[in-house]
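Novice: Got a structure for you, questions after.
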């Protein structure tokens, strides 16, 4: 459970940042996000075009870093590196209430 908001969204979720230098445009963004979001166990995928990264949050019991890397590479892009990331998540109603009364 998230210490900040109590939303319960951190249970076993891993976030990795994939560096994908070939991404240039919104079509690239949609292609990579679609390829990763289509995998069982991927909870979110967000491409940052200026930084050439894809931040993917997933359940490691259902999908591996290697599987995500392969999915990205099957779209024609190379994955240069993978680093640990920070999971950003919705804090929902409970989190909003807690933040209001801090």
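Novice: I need the calculated FRET efficiency for the pair residue 66 and residue 40, taking r as the beta carbon distance and R₀ as 25 Å, to the nearest 0.05.
Specialist: 0.95
Novice: Let me ask you something else. Is the shape of segment 14-96 best called rounded, prolate or oblate, per the rule: a/c under 1.5 gives rounded, else a/b larger than b/c gives prolate, else oblate, with a ≥ b ≥ c the square roots of the Cα gyration tensor eigenvalues?
Specialist: Since a/c reaches 1.5 and a/b is larger than b/c, the shape of segment 14-96 is classed as prolate.
Novice: Once both labels are modelled 7 Å past Cα along the beta-carbon direction, what's the residue 24-residue 74 spacing in nm?
Specialist: Taking the two extended label points, one gets 2.5 nm.
Novice: Going by average Cβ density within 10 Å per residue, which order do the peptides 36-44, 75-83 take, highest to lowest?
Specialist: Answer by packing, highest mean first, reads 36-44, 75-83.
Taken together, the values in this text are just the output of simple stated rules run on the coordinates, not laboratory data. Since the model is a prediction, treat every value here as computed from it, not as a measurement. As a convention, Cβ positions derive from the backbone with ideal geometry for all residues, glycine included, and neighbour counts pool all protein chains shown.
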